[in-house]
Every structure is written in C-alpha cells, then in structure tokens.
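Have a look at the structure below, then the notes.
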Amino acid sequence: MSRLLIMRHGEAAPGFPDAKRPLTTRGEYEVAAMAAWLAGRVEQGELARPKMYASPYVRAQQTAGLMGQALGCTVETLGFITPDDDPSEVVEWLLTQPEGAPMLLVSHMPLVGELAGRLLEGRPGQGVGFATAALAELEADVWASGCARLRRFTEPGQLG
C-alpha cells in the first residue's frame, strides 16, 4: 500500500505575476504548524519520511522549503503541478513512481482538489476543497482514478 500526501501551499500575498507570489506571514505560520505536526508523526514512526515534490511557483517552493527543513528531506520541482495543470498528467506520473517512501506533493488549487477528487472519486471536477496549507493523506495499491482511500485530511486550524 502506497501513501500520497497532497498539500496546498500556505496563504500567499496577492500580486502579479501569479508564479511570483510569496507566502504571507500568516502563510509561513500555517506551514510551520503543519511541518511541526508532520515531523512529529515521522519522529514517532507513524509516517515514513516522504519524498517531496513541489510546483515551481514561489509560494509552493517556500512551503516545500519549510516542510523540508522540518522533515529533513529535499525538494524536487515538478513543472506539471502548477494551478491549472491537468490532474491526469499527475496521475500518469504517479503510476511510474516506485513503491517505497510516501510522496508529498506541494501544489495549488484547483490542481490539488481536482487531483484528490480524481484519485478518490474517479472523476474530474472540483474535487476536494483545500484551505491554505491543508494536507490530504491518501493510500492506494495503485494510483489510478477512483482507487485511493482518504486516510486523513488536516488543516492548520485543527492543530490548535
């Protein structure tokens, strides 16, 4: 059984171009809270240290950087997980990945919602709504449409 963690970046500042928008102070706080929580789970042996991938957009790279520091892992950039990319391409990529450590994808709405919806429900559409810095944990025997199960969905506000 493989595990996939899908995370939306922390709150970002408005601006143009979209790819250059940085995290706000609140966004950094949200991500730090999620990073500490996830790192605690890794330290307790509840979750293996994930392989981390992020969108090239600044806010996703900043989010992944903070997560990577807490988790002790590096970040690989994937150019096909930006906001308007096709979740089908991500599913195809997932099918080529070797089994082993969980994978953590740091990306954007609507992609994260559409990807989670496709993996869980097997159909396109808006899928799951993600607050900023929210994290969905899925597991599956194969990463194909409708074949995943939702293990947990966590938002920073739930960590209190």
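The values are calculated or read from the model by the stated rules, or taken from the named source; none is laboratory data. Bear in mind the structure is a predicted one, so any value in this text is a computation, not a measurement. Cβ placement follows ideal geometry from the backbone for every residue including glycine, while neighbour counts extend to all protein chains displayed.
Before moving on, here are some points about what is shown:
- Listed here are the helices (runs of 4 or more DSSP H) enclosed by the stretch 12-125 that have at least 2 residues being without any contact (Cβ under 8 Å) to a residue 12 or more places away in the chain: 25-43, 87-95.
- Out of P102, P83, sole residue that is within 25 Å of Q69 (Cβ to Cβ), surrounded by fewer than 19 Cβ atoms within 10 Å (Cβ to Cβ) and in contact with a strand residue (DSSP E or B) (Cβ under 6 Å, 6 or more places away or on another chain): P102
- Among all residues of the stretch 22-37, there is at least one that is closer than 24 Å to A140 by Cβ and out of contact with any helix residue (DSSP H, G or I) (no Cβ under 8 Å at 6 or more places or on another chain).
- Whichever residue in the stretch 38-52 is touching a helix residue (DSSP H, G or I) at 6+ places or on another chain (Cβ under 8 Å) and surrounded by 14 or more Cβ atoms within 10 Å (Cβ to Cβ) and, among such residues, is nearest to L115 (Cα to Cα): M52
- Against the test of being crowded, with 19+ Cβ neighbours inside 10 Å and not hydroxyl-bearing (S, T, Y), the options M34, M109 yield a single qualifying residue, M34.
- E76 passes every criterion in (1) farther than 14 Å from S2 by Cβ; (2) crowded, with 16+ Cβ neighbours inside 10 Å; (3) of a type outside the set (S, T, N, Q); (4) modelled with pLDDT of 95 or more apart from (2).
- Tally of residues being surrounded by 14 or more Cβ atoms within 10 Å (Cβ to Cβ) and of a type outside the set (D, E, K, R) across the stretch 112-128: 9
- Of everything in the stretch 136-158 that is outside any strand (DSSP E or B) and of a type outside the set (G, A, S), the residue that is surrounded by the fewest Cβ atoms within 10 Å (Cβ to Cβ) is V142.
- Failed criterion for Q62 (all others in (1) crowded, with 19+ Cβ neighbours inside 10 Å; (2) over 26 Å from R149 (Cβ atoms); (3) in contact with a helix residue (DSSP H, G or I) (Cβ under 7 Å, 6 or more places away or on another chain) hold): (3)
- Residue selection: E139 satisfies the criterion of being among the acidic types (D, E) and modelled with pLDDT of 95 or more.
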